[in-house]
Amino acid sequence: MKHTISVIVENKPGVLHRVSGLFSRRGFNIESLAVGTTEKPDVSRITIVAEGDDQTLEQIIKQLYKQIDVLKVFDLPADQAIERELALIKVHANDKTRQEVTQIVDMFQARVVDVAEDSLTIEVSAEKDKVENMQKLLEKFGIQELVRTGKIALQRGG
Amino acid sequence: MELTGAQALIESLKKEGVELIFGYPGGTVLPIYDVLYKEKAIKHILTRHEQGATHAADGYARSTGKVGVCLATSGPGATNTITGIATAFMDSVPLVVITGQVATNLIGRDSFQEADVTGITQPITKHNYLVKRAEDIPTVVKEAFHIARTGRPGPVVIDIAKDAQVKKIKFKYPDKVNLPGYKPTLKGHPRQIKAAAKMISIAKKPVIYAGGGVISAGGAKELKDFAEKLNIPVTTTMMGLGAFPEDHKLALRMLGMHGTAYANYAIQECDLLIAVGARFDDRVTGHLPTFAPKAKHIHIDIDPAEIGKNVRVDVPIVGDAKQTLKDLTEKVKPENGKHDAWIKQIDEWKDKYPLKYKKDKRIKPQYVVEMIQQVTKGKAIICTEVGQHQMWAAQYSKLTVPRTWVSSGGLGTMGYGFPAAIGAQFGNPDKIVFDIAGDGSIQMNMQEMATAVIHKLPIKIAVLNNCFLGMVRQWQELLYDKRYSSTNLCNNPDLCKIAEAYGAAAIRVTKPDEVKNALEKALKIKDRPVLIDFAVAKEENVFPFVPPGQALNEMLID
Ligand SMILES: Cc1ncc(C[n+]2csc(CCOP(=O)(O)OP(=O)(O)O)c2C)c(N)n1
């Protein structure tokens with residue numbers, strides 16, 4: 001099963017290595033990983049999407065808690081989380097196709113962030129599936145380059 | 001007070017009560033060694049290898065309960081400590097390992113003797129630090145000792161860049177640590193204690209399975225009180241030897257791969273298993289799905305990650321072993337009498353399947369261990385290497401006191417025992433310290449004989465010399481049709497001559513009737529180490545033996 005795990009850490013050197021190392025050592029494949037600071041400058045949030053069975057996951061969460069620099073760990077079930085991924089997509093576009101591409105951009109509430117003679121660069125921030133759908137629709141125009149951030153997530157409400 | 005980083009380090013160590021450091025100098029720790037040159041309150045012991053220093057600090061820690069400290073230079077000095085750190089990590093031993101690092105402007109350039117020590121040691125330490133600023137030294141030392149000795153103890157590495165050792169700072173030792181992510185749970189949850197007490201009170205065939213956690217927590221007395229109040233038999237892991245007196249009527253002694261038959265039978269038959277400070281290691285459980293198949297499980301451990309890691313637990317209790325056993329003893333009321341039938345069953349197993357070996361004209365290794373126990377009246381600190389001799393030492397030493405068993409369990413490090421014995425002797429100058437060794441293992445850290453001789457340590461090294469890497473040979477005999485691939489040590493050097501070359505005493509023993517005399521003679525030597533080379537029966541096997549992957553009750557008894 002796929003899990004989104006949020007690890008709140010003290011912003012100390014080596015902490016990312018410590019956290020990601022635990023996953024690989026205990027046989028969990030990391031599918032995506034995003035790190036950034038939080039509302040407190042000395043605290044970071046690492047969001048990891050990983051696949052594995054529940055027992056291994058429980059062991060990893062406990063091992064994460066044992067790390068001195070780890071403050072909190074959540075396993076975020078999809079229905080309780082607000083999840084987002086950011087993607088930048090550089091897609092081929094000329095006078096003939098530009099209009100069609102911008103329609104798709106509007107449909108996904110994405111934005112064009114760079115315009116060139118034969119391409120458009122699009123920024124989209126959405127749930128993972130949406131990003132992937134948009135990518136599919138753009139494929140026929142020719143995607144030149146694409147980058148995705150990996151998922152970030154917060155618990156809903158409370 | 002203005003101090004250099006190196007001076008601040010030594011002052012901080014003094015504040016932590018450090019009296020001994022085991023170490024080996026080199027370029028990036030020169031400023032620290034320069035401070036130690038004049039230092040009176042801390043004694044530095046120069047070993048002959050950094051692995052020796054780490055194991056010595058470990059032996060000191062296990063035998064005294066204090067934090068062991070060692071010091072090594074960057075690069076090869078630091079990498080030589082790795083086996084020692086991993087050994088301590090697997091057995092939850094509190095160590096602070098200080099390594100020098102190249103100066104901050106050289107870090108990351110593959111500089112001379114640069115190694116990424118925090119990277120390398122990350123999976124084998126409880127925590128580690130790379131210190132680049134002298135100002136951070138006092139706080140880091142304070143935190144390192146706190147982390148090493150509290151909760152589930154373990155090794156902490158402090159890697160200090162050379163320029164941070166030289167820079168001057170205003171020294172002030174913090175009186176508190178500030179570690180928001182580190183708060184070990186010491187007291188078991190009352191609801192869980194209540195649930196456990198209930199389960200214990202109705203059990204008909206309970207067994208206590210105690211591990212090294214009882215010793216780390218200083219909980220041997222609480223374990224005894226608990227077992228006696230409820231009349232519950234106690235088996236210990238190898239790491240737990242000494243946590244419960246082996247001559248006690250409730251003692252089942254060691255369980256597992258080479259445990260007693262009666263301990264293993266008791267596990268397989270019990271209806272309640274109370275695990276305390278133990279971690280269901282594969283050497284203990286044998287084939288996991290068939291381990292204690294009829295039992296409900298209570299698991300008490302200070303480390304939440306151990307609970308539920310290998311077996312399903314009915315009542316988990318996160319807490320310190322000493323405190324939790326005390327709370328549990330107060331809470332529980334025996335409702336089922338003293339489960340006399342169960343005790344009777346166990347006594348029958350004890351009669352029918354005692355630990356035993358056949359005597360003949362040769363020196364039996366088990367006999368040597370029995371004699372060591374006899375001549376020292378069970379008062380010695382027993383260190384061991386790894387192999388058959390270690391298992392015989394575990395089976396026949398009849399340990400009764402915590403911290404008298406110093407042996408590498410989790411990592412199984414050959415070469416551990418002798419340097420660990422050096423640390424144990426430094427920590428316990430008035431006690432008799434033995435290293436029970438094999439002829440293979442003793443050759444892994446023989447260089448430390450120099451350290452032991454220089455400091456006039458009266459360590460007794462009892463080599464059970466079978467001219468084999470005996471434990472591996474045993475597996476080859478029983479599981480690989482006697483194909484003795486690379487386990488014959490028939491061209492061993494003369495170990496007595498080696499010991500003598502270092503200035504130690506040496507005794508060779510070839511007949512059973514000389515064993516006791518030789519040991520008594522060795523005990524009289526008080527000013528230097530003595531190596532006793534026992535020519536023991538070569539192809540003796542350790543029994544009972546649970547072949548790997550089998551259930552405990554499928555053990556070979558002889
Ligand atoms: C550093 C290390 N290398 C290899 C092993 C694997 N090993 C386990 S026991 C053993 C044989 C030990 O031989 P010896 O010290 O002579 O003791 P004996 O078993 O004969 O009593 C070996 C090679 C180990 N445990 N540690």
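The values are calculated or read from the model by the stated rules, or taken from the named source; none is laboratory data. Bear in mind the structure is a predicted one, so any value in this text is a computation, not a measurement. Because the Cβ atoms are built from the backbone with ideal geometry, glycine has one as well, and the counts that use them run over all protein chains shown. The accessibility values were calculated without ligands, DNA or RNA, using every heavy atom of the protein model including side chains. Shrake-Rupley method; radii C 1.70, N 1.55, O 1.52, S 1.80 Å.
Suppose accessible area is computed on protein heavy atoms with a 1.4 Å probe; arrange B:270, B:490 from highest to lowest.
Accessible-area ranking of B:270, B:490, largest first: B:490, B:270.
Give me the net charge of residue B:302's neighbourhood, meaning all other residues with Cβ under 15 Å from the Cβ of residue B:302; Lys, Arg count +1, Asp, Glu -1.
+4
Computing the accessible area with a 1.4 Å probe over protein heavy atoms, can you report the carbon and sulfur percentage for chain A?
C and S atoms contribute 50 percent here.
If you count, for each residue, the other Cβ atoms within 10 Å and average over each peptide, how do B:424-434, A:79-89 line up from highest to lowest?
B:424-434, A:79-89
Each residue of segment B:288-296 in turn: what ³J(HN,Hα) in whole Hz from Karplus with 6.51, -1.76, 1.60 and θ = phi - 60°, glycine and Pro shown as x?
4, x, 9, 7, 6, x, 9, 9, 7
For chain B, just say rounded, prolate or oblate: build the C-alpha gyration tensor, square-root its eigenvalues into a ≥ b ≥ c, call rounded for a/c under 1.5, and beyond that prolate if a/b exceeds b/c, oblate if not.
oblate
For residue A:29 and residue A:106, FRET efficiency with R0 = 56 Å and r from the beta-carbon atoms, rounded to 0.05?
0.95
At a Cα cut-off below 23 Å, give the lysines reachable from residue B:167, other chains included and same-chain residues fewer than 8 away excluded.
Cross-link targets: A:12, B:14, B:15, B:38, B:40, B:132, B:142.
Explain nothing, just compute: Karplus ³J(HN,Hα) = 6.51 cos²θ - 1.76 cosθ + 1.60, θ = phi - 60°, for every residue of segment B:390-401 in order, whole Hz, x for Gly and Pro.
5, 5, 5, 4, 5, 7, 10, 7, 6, 6, 10, 10
Taking the Cα centre of chain B as origin, sum charge times position over the Cβ atoms of Lys and Arg (+1) and Asp and Glu (-1), and report the length of that vector in debye to the nearest 20.
About 1180 debye.
Based solely on C-alpha atoms, express the radius of gyration and the Dmax of segment B:365-535 in angstrom.
When restricted to the Cα atoms of segment B:365-535, Rg and Dmax are 15.0, 47 Å.
Kindly compute the accessible surface that chains B and A hide from a 1.4 Å probe when together, both sides summed, and give it to the nearest 100 Å².
1400 Å²
Comparing the chain by itself with all protein chains present, which residues of segment B:106-151 are at least 50 Å² less accessible (probe 1.4 Å)?
B:122, B:127
Starting at the first residue of segment B:482-493, write each ³J(HN,Hα) from the Karplus equation 6.51 cos²θ - 1.76 cosθ + 1.60 with θ = phi - 60°, in whole Hz, x for Gly and Pro.
6, 7, 7, 7, 6, 10, 8, 10, 5, 9, 3, x
Divide by every residue of chain B the summed helix terms, -39500 (n - 2.57) for each DSSP H run of at least 4, and state the resulting mean residue ellipticity at 222 nm, rounded to the nearest 500 deg cm²/dmol.
Here the helix-only value at 222 nm equals -10500 deg cm²/dmol.
Pull out a ≥ b ≥ c, the square roots of the eigenvalues of the alpha-carbon gyration tensor of segment B:190-352, then state rounded if a/c is under 1.5, prolate if not and a/b is larger than b/c, and oblate in the remaining case.
Because its axes are fairly even, with a/c under 1.5, segment B:190-352 counts as rounded.
What number comes out for accessible area per residue over segment A:82-155 if the probe is 1.4 Å? Units Å², please.
61 Å²
Would you mind listing how long segment B:109-174 runs along its three principal axes, going by Cα atoms, in whole Å with the largest first?
Largest first, segment B:109-174 extends 35, 32, 10 Å along its Cα principal axes.
Quantify how strongly other chains surround peptide A:16-22 by giving the mean number of their Cβ atoms within 10 Å of each of its Cβ atoms.
That average works out to 2.
P(r) of the protein assembly as shown in 10 Å steps, Cα pairs, percent per bin?
Reading the bins upward from 0: 3, 13, 21, 22, 19, 12, 6, 3, 1, 0, 0.
Using unit Cβ charges (K, R positive; D, E negative) and no other charged atoms, how large, in debye to the nearest 20, is the dipole of the protein assembly as shown about its Cα centre?
Result for the protein assembly as shown is approximately 2360 debye, rounded to the nearest 20.
Give the long-range amide H neighbours of residue A:144: residues separated by 5 or more places, or on another chain, with amide H under 5 Å away, using H modelled in the peptide plane at 1.01 Å from N.
It is A:90, A:91, A:92, by chain and number.
Quick one: which residues, 5+ away or cross-chain, put their amide H under 5 Å from the amide H of residue B:44? H built at 1.01 Å from N.
Amide H neighbours of residue B:44, under 5 Å, 5+ apart: B:21.
Hey, what number do you get for chain A at 222 nm if only DSSP H runs of n ≥ 4 count, each worth -39500 (n - 2.57), divided across all residues, to the nearest 500?
-9000 deg cm²/dmol, from helical runs alone.
Mind giving me the nanometre distance, one decimal, between the label points for residue B:177 and residue B:481, set 7 Å out from Cα along Cα→Cβ?
It is 5.5 nm.
Quantify how strongly other chains surround peptide B:180-186 by giving the mean number of their Cβ atoms within 10 Å of each of its Cβ atoms.
Mean partner-chain Cβ count within 10 Å for B:180-186: 4.
Please say if segment B:20-64 is rounded, prolate or oblate, where rounded means a/c under 1.5 for a ≥ b ≥ c the square roots of the C-alpha gyration tensor eigenvalues, and otherwise the choice is prolate for a/b larger than b/c and oblate otherwise?
In terms of gyration-tensor shape, oblate.
Cβ neighbours within 10 Å, averaged per peptide: list B:28-40, B:200-212 in order, most packed at the top.
In descending order of packing, they fall as B:200-212, B:28-40.
Return the subset of B:205/B:331; B:377/B:460; B:66/B:526; B:294/B:344; B:322/B:344 for which the Cα-Cα distance in this structure is over 23 Å, preserving the input order.
Where the Cα-Cα span goes over 23 Å, the pairs concerned are B:66/B:526; B:322/B:344.
First compute the accessible area of segment B:174-269 with a 1.4 Å probe, then give the percent of it belonging to carbon and sulfur atoms.
Carbon-and-sulfur percentage of accessible area, whole number: 58.
Once you average over the residues of B:296-304, how many Cβ atoms of partner chains fall within 10 Å of each Cβ?
1
Would you mind working out the accessible area per residue for segment B:2-170, using a 1.4 Å probe, and quoting it in Å²?
Dividing the accessible area of segment B:2-170 by its residue count gives 35 Å².
Among B:393-400, A:139-146, B:165-172, how do they line up from the highest to the lowest mean number of other beta-carbon atoms within 10 Å?
B:393-400, B:165-172, A:139-146
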